[in-house]
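Down below is the structure, laid out as structure tokens.
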Amino acid sequence: MKARKRQRTTRGEKPLEDPQILQGPRLDFGIFMVSASVLLLEMLLTRVFSVTMYYHLSFMVVSLAMLGLAASALAVGVLARRLHRDSAATQLAWGAVLLAITSVLAVGVAFRVPVVLESTTANWLRIGLIFACVLVPFLAGGFVIALAFTRYSERANRLYFFDLLGAGMACLVFIPATDTLGAPSAVLLGAAIGGGAGVLFAWRERPWVVRGAATVTCLLVGTLAANLRWDFYDVRVAKGRAQDPVLALAWNSFSRVEVRGGPDMLQVRRRPLSYGLSARLDPTYSVREVYIEYDASALTQITAFDGSFGGLAHLGYDVTSAPYHLRRYHNVLIVGAGGGRDALTALSLGSSPVTAVEVNPLTIDLVRGQFRRFAGGIYDAYPGVRVVNDEGRSFVRSSSEQYDLIQMSLVDTWAASAAGAYALAENSLYTVEAFEDFVRHLSPDGVLAISRWFPQTLAEPLRVVSLAIEALRRAGITEPALHFLIVHTNEAETRVPSLGTILIRRAPFPPDEVERLQDWARRLGFIVSYSPEGIVPGSRPTRFHQLLSSQAAAFVAAYPYDLSVVSDDRPFFFDRVPLLRWILHQLSPSQATNTVGELTLGAQTLLISLVGSGACTALFLLLPALGAGWIGRGAVVTVPRGRLLLWGIYFTSLGLGFIAVEMVLIQRLGLFLGYPAYALSVVLCTLLLASGLGSMLAGRWTRPPVAAALIALTLLIVVVAATLQPLLHATFGLATPLRIAVAILIVAPLGVLMGAPFPSGLRLAGRQADSLVPWGWALNGSASVLGSTLTVLVSMNVGFRASLVAAAVAYATALAAAVVVIRRR
């Protein structure tokens, strides 16, 4: 021990490595466990925030995680003199224990603090409290990782391998852990993994440190076991309201599904719950229903069914049943079948067989299992009904059938998937390519029915029509105005927000079908806002008439909300006010040709993240120039300012490029694979593991081939940007195992090359000065936060392909900085 205390280093001299830590795999596997714990917490918080708050705010988890990692890296640099080398094992152990304890406490706060969908000071203070608590475990985890990389920068490639390996394993663990344990208990599992890392770090060190870390870990494991039985650690407040008793509750990797109410709920008769019902329905009419709620916001219902359709008369009074009042259909496809209400509508109005596609297996399990008798076995081999657990777009694309009717009723959700944490509310069902798929799978006189909200702005239904117009034109239809019928509820009668149905027919609507729909709408008090017969004499043209006229281009350009056609490359259907357009309008409102609507909460969150992450990245980058703290007094002072700037550009560019590629691959390949969980288990896991492999391979070189790796990576990204979309479209119809193989072949080469530059750069920087390592780590983390926001911004306004090109530019910039700094060295 005395010999270790006599170890000294001079300024700028590389200290000796700690023999106890480096002997054996304790450091490697400790980093593996900490990384797994941090990423598992990040993904679970996305799920939890989607339930307790709103999906817009859940996307901030990624920013908080990266900010915590970056800030803790700076702290390691600032406190370098106080973090004595002899106590590194103890510091790593306590950092891991702090990660474990604060993970549980932070999520516990999120479980109990109410957040509502309003912009008030009190609400933002509550959001700030939650975010501040959540930041602490990421600071603790980042401290452990940054300290390990700083102390052992010569092993950066190996450490980075285990760091990414742990993150990759977290992606694999997340899905089964959430499905089997539920998100709250999975948080306890992740915390226990972090505590176990503390035990590993402290092994063979001070016994009381080992006992402390082991005690915390055992307590967490015991709490996990107890929570599986008594559910005391769980969501208590969701979307600003206390949780009611539930008949059923389950979690999976992309949703929390609950059925509210007590046992008497199954026997209570009430007025049907639907915003699409006509006010002409008998006010005393009642049915038995239970409601399935997703992430405490989106809702579907299970309607009591005893085999007789006589008790389901209300289904014909709903505006979503509009297509069934044109004629009967032989083959019906329902995308987003939910609890089976749309299937009952089709059967009760004389159309069958019905194929009901539902992406969430928990919904199908509830209807088939606990509520089978209540639902009349509608999902359990009921005659004329086939139930498929699949993503709707993927099912349609791989199907060889043609359908007389394809129906989508309010198929969207305010829930965030773990993969969705890397972007705002994209939806692959509402793109022009999706509409092409739907039209292609219609029979010659088939109908596509899409039900959406009809607010005063009409932004969503108008955009649906824009997409359908373009899809019909691509199918060779030259007069799309003859192929639409649009009907919606009369808000003045129903006293609730208006809901409508847009009917698109592959062939022009015949007069008899138009007349039947108009008669039905007249009887029920609905409004036909567009029909191919033209404008009714004495009435004014609607905005749908303008959009379907020869003046459509001028109408779209002048409209205050974005009605442009969205594609798979830019699938942001709900982005009605693009942030970039809004910013330009604020900078030069006098030059704007039209007004711009108000930003949605999601866009506001994106703007806050853009400003905050940009300021942090700029501050971290300019620290050497400002001469702040440790950089002004530590070993970095021996490095010229010009070289510091080059290193800063290098690490910043790597952060921007890595996160951009990661986000684009997750989004594009998530759609390609056809199931939300695959975006994690296949795409992200493959990328992280391949990057870890690339880091390990680069570590075998005494002088890492940074320039060669960056040249190859930049060229490969350009190739992928040019070929990804046609490649995915050409292989979309393959079986799922083959699509998984295609995705791995796309991701793995990119991952191997992306894993080499960052740890290799840390090694080279650490040889010049120890303080460059935590500074580089901080820059990379803050740039990742900024890069995630910029990627969403670019993708929403230009497309994913443009984001890949931007990533290639970022890596090319890193290449230029690396070439100069390595030559100067």
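Which of the residues belonging to the stretch 480-524 are over 23 Å from SER443 (Cα atoms), part of a strand (DSSP E or B) and of a type in the set (A, V, I, L, M)? Answer for the stretch 480-524, where residues must be over 23 Å from SER443 (Cα atoms), part of a strand (DSSP E or B) and of a type in the set (A, V, I, L, M): just LEU499. Residues considered: LEU129, LEU98. Of these, the only one that is without any contact (Cβ under 8 Å) to a residue 60 or more places away in the chain, in contact with a Gly (Cβ under 9 Å, 6 or more places away or on another chain) and surrounded by fewer than 24 Cβ atoms within 10 Å (Cβ to Cβ) is LEU98.
Among the residues in the stretch 113-129, are any under 19 Å from LEU40 (Cα atoms) and either in a helix (DSSP H, G or I) or of a type in the set (A, V, I, L, M) (or both)? No - not one qualifying residue is present in the stretch 113-129. Between LEU125, LEU74, the distinction of being modelled with pLDDT under 95, within 31 Å of the chain's Cα centre (by Cα) and under 26 Å from TRP777 (Cβ atoms) belongs to LEU74 only. Listed by first and then second residue, the pairs with beta-carbon distance under 7 Å, at least 6 apart or on different chains, first residue in the stretch 435-462 and surrounded by fewer than 22 Cβ atoms within 10 Å (Cβ to Cβ), second in a helix (DSSP H, G or I) and acidic (Asp, Glu), are TRP453/GLU460.
Given the criteria outside any loop (DSSP other than H, G, I, E, B), crowded, with 22+ Cβ neighbours inside 10 Å and in contact with a Leu (Cβ under 9 Å, 6 or more places away or on another chain), does LEU713 qualify? So LEU713 fits the description; yes. Considering PHE526, PHE572, the condition of being at pLDDT 90 or above, in contact with a Ser or Thr (Cβ under 8 Å, 6 or more places away or on another chain) and surrounded by 19 or more Cβ atoms within 10 Å (Cβ to Cβ) is satisfied by PHE526 alone.
Among the residues of the stretch 432-490, write down those that are among the charged types (D, E, K, R), over 30 Å from the mean Cα position of the chain (by Cα) and under 11 Å from ARG506 (Cβ atoms). ASP445 - this is the single residue of the stretch 432-490 that is among the charged types (D, E, K, R), over 30 Å from the mean Cα position of the chain (by Cα) and under 11 Å from ARG506 (Cβ atoms). Looking across the stretch 436-479 at every residue that is basic (Lys, Arg) and assigned to a helix (DSSP H, G or I), the one that is nearest to TYR329 (Cα to Cα) is identified as ARG440.
Out of ALA802, ALA812, ALA816, ALA808, one residue alone is over 19 Å from ALA679 (Cβ atoms) and touching a Gly at 6+ places or on another chain (Cβ under 8 Å). It is ALA808. The set of residues in the stretch 235-286 that are closer than 23 Å to GLN370 by Cα, assigned to a strand (DSSP E or B) and hydrophobic (A, V, I, L, M, F, W, C) comprises VAL246, LEU247, ALA248, LEU249, ALA250, TRP251, VAL257, VAL259. Residue count for the stretch 363-389 satisfying the condition of being among the hydrophobic types (A, V, I, L, M, F, W, C) and out of contact with any helix residue (DSSP H, G or I) (no Cβ under 9 Å at 6 or more places or on another chain): 4.
Pairs are defined by a Cβ separation below 9 Å, a sequence spacing of at least 6 or placement on different chains, a first member in the stretch 251-268 that is at positive phi and of a type in the set (A, V, I, L, M), and a second member that is at pLDDT 85 or above and assigned to a strand (DSSP E or B); no pair meets this definition.
Residue pairs whose Cβ atoms lie under 8 Å apart, separated by 6 or more positions or on different chains, with the first residue in the stretch 468-479 and basic (Lys, Arg) and the second assigned to a helix (DSSP H, G or I), are ARG473/PRO480; ARG474/VAL432; ARG474/GLU436.
Within the stretch 322-362, restricting attention to residues that are more than 25 Å from GLU515 (Cβ to Cβ) and either out of contact with any helix residue (DSSP H, G or I) (no Cβ under 8 Å at 6 or more places or on another chain) or assigned by TED's automatic domain parsing to the domain that holds ALA677 (or both), the residue that is surrounded by the most Cβ atoms within 10 Å (Cβ to Cβ) is ALA343.
Quick one: would you say ILE744 is within 30 Å of SER398 (Cβ to Cβ) and touching a Ser or Thr at 6+ places or on another chain (Cβ under 9 Å)? It is true that ILE744 is within 30 Å of SER398 (Cβ to Cβ) and touching a Ser or Thr at 6+ places or on another chain (Cβ under 9 Å).
When ALA80 is tested against (1) in a helix (DSSP H, G or I); (2) closer than 17 Å to VAL144 by Cβ; (3) among the aliphatic types (A, V, I, L, M), exactly one condition is not met: (1). When we screen GLY182, GLY190 for residues that are within 21 Å of ILE145 (Cβ to Cβ), in the same structural domain as SER87 (by TED's automatic domain parsing) and crowded, with 18+ Cβ neighbours inside 10 Å, the only hit is GLY190.
Take the residues in the stretch 732-741 that are in contact (Cβ under 8 Å) with a residue 40 or more places away in the chain and part of a helix (DSSP H, G or I); name whichever of them is farthest from LEU689 (Cα to Cα). Only one residue fits best here, namely THR736. ARG206 fulfils the conditions (1) in contact with a Ser or Thr (Cβ under 9 Å, 6 or more places away or on another chain); (2) surrounded by fewer than 24 Cβ atoms within 10 Å (Cβ to Cβ); (3) modelled with pLDDT of 95 or more except for a single criterion, (3). Looking at VAL246, VAL268, VAL235, VAL287, just one residue is over 23 Å from LEU524 (Cα atoms), crowded, with 16+ Cβ neighbours inside 10 Å and hydrophobic (A, V, I, L, M, F, W, C), and that residue is VAL235.
The values are calculated or read from the model by the stated rules, or taken from the named source; none is laboratory data. All figures in this text were calculated on a predicted structure; none of them were measured in a lab. So basically every Cβ, Gly included, is an ideal-geometry build from the backbone, and we count neighbours across all protein chains shown.
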